[in-house]
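Heads up: the structure comes next, in structure tokens.
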Amino acid sequence: MQHTLPSTISYSGTTLHRGLHTTVHVHPAPAHTGRIFVRTDLPGSPEVPARFEYVQPTALSTALVAHGVEVQTPEHLLSALYALGIDNCRIEIDGPEVPILDGSAVGYVSKAHFGGNLTEQSAQRPYYKIASAITVYDRDSWVSAIPSTEPGLRLSYAIDFPHPLIGKQWHSFVCTPETFAQEIAPARTFTLQAYVDAMRAKGLIQGGSLACALVLGDEGWLEPPTWENEPVRHKLLDLVGDLSLSGLVLEGHIVAYKAGHTLHGQLAEKLYSEYEKHHGLSASNPV
């Protein structure tokens, strides 16, 4: 069955790209609401649904745009909400970007978990068991959804960076509230020190610091990672958040290689299209 929060939870902090201070209040919502952002800082408090139809491609993060209203970097929060089984909520935010916190999802998980005590609702979840392979790709980067005999949703990711301290990394896990909280949520976003100045010159990561990212310099990590393969675990964190934009509860195996937010979002759209074919629904009238 669908679930929502038993009560409102709130987060505040600095945003990664704009360097603003924003506050988020995640409220319970009725069944079939989905996960919806509400820009309370704008006249009329316009809504931006967290669905693939509203994704605007960006190089470094996910952005949602509806009727000219934007919500940037929602993927870490959405990842936590999806993994914890929170189907319906209204996410009020007083600015254009979700706080980055420490660069991971652990802060979102710690408040939203409720010891697993969510409010059950009298409606079934939009469940889709992957029936046939679906792949999206860009040159040698790709993401595939494939059927699996294993129950639940398994996600596997591989990356290959030229820097020897990152190099080739792999991680795979079955997405449950417990495994996500332990293996994935604490993994922080990462970058190379050489990229930082270039990104700031473009107006990005104005709120970036060692408090919210793993930074790899010429002589090594400026702060040690929690795991040797923390970068690829963070890619899994992003993947879960981006797949949540399908609006579906997925069962099967998702495998990614050198992918990113754009390919993640494309797969979310294709998964919903397959679900639509099986259930006679349309994206303009989602469950």
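Structural remarks
- For region 13-42, filtering for residues that are of a type outside the set (Lys, Arg) and in a loop (DSSP other than H, G, I, E, B) leaves 14.
- Checking residue 45 against (1) surrounded by fewer than 18 Cβ atoms within 10 Å (Cβ to Cβ); (2) outside any loop (DSSP other than H, G, I, E, B), the condition it does not meet: (2)
- When residue 131 is tested against (1) of a type in the set (A, V, I, L, M, F, W, C); (2) over 21 Å from residue 13 (Cα atoms); (3) in a strand (DSSP E or B), just one condition goes unmet, and that condition is (3).
- Residue in region 64-81 that is surrounded by the most Cβ atoms within 10 Å (Cβ to Cβ), counting only those that are small (Gly, Ala, Ser) and under 9 Å from the mean Cα position of the chain (by Cα): 80
- Every residue from region 65-105 that is in contact (Cβ under 8 Å) with a residue 40 or more places away in the chain and assigned to a strand (DSSP E or B): 72, 88, 89, 90, 91, 92, 93, 97
- Residue 22 meets the conditions (1) within 24 Å of residue 179 (Cα to Cα); (2) among the polar types (S, T, N, Q); (3) in contact (Cβ under 8 Å) with a residue 40 or more places away in the chain in every case but one. The failed one is (1).
For (1) surrounded by fewer than 18 Cβ atoms within 10 Å (Cβ to Cβ); (2) aromatic (Phe, Trp, Tyr); (3) under 13 Å from residue 97 (Cβ atoms), each residue gets a yes or a no:
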position	(1), (2), (3)
5	no, no, no
15	no, no, yes
19	yes, no, yes
24	no, no, yes
29	no, no, no
35	no, no, no
39	no, no, yes
50	no, no, no
57	yes, no, no
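- Verdict on residue 60 being assigned to a strand (DSSP E or B), under 13 Å from the mean Cα position of the chain (by Cα) and either in contact (Cβ under 8 Å) with a residue 40 or more places away in the chain or closer than 30 Å to residue 279 by Cβ (or both): no
- Given (1) within 22 Å of residue 77 (Cβ to Cβ); (2) free of Cβ contacts under 8 Å to residues at least 24 places away in the same chain, number of the condition residue 155 does not satisfy: (2)
- From 127, 108, residue being surrounded by 15 or more Cβ atoms within 10 Å (Cβ to Cβ), in contact (Cβ under 8 Å) with a residue 60 or more places away in the chain and of a type in the set (Phe, Trp, Tyr): 108
- Within region 106-120, if we keep just the residues that are in a helix (DSSP H, G or I) and at pLDDT 90 or above, the residue that is nearest to residue 75 (Cα to Cα) turns out to be 108.
The values are calculated or read from the model by the stated rules, or taken from the named source; none is laboratory data. Just so you know, these numbers come straight off a predicted model, no measurement behind them. No Cβ is skipped: glycine too gets one built from the backbone with ideal geometry, and neighbour counts run over all protein chains shown.
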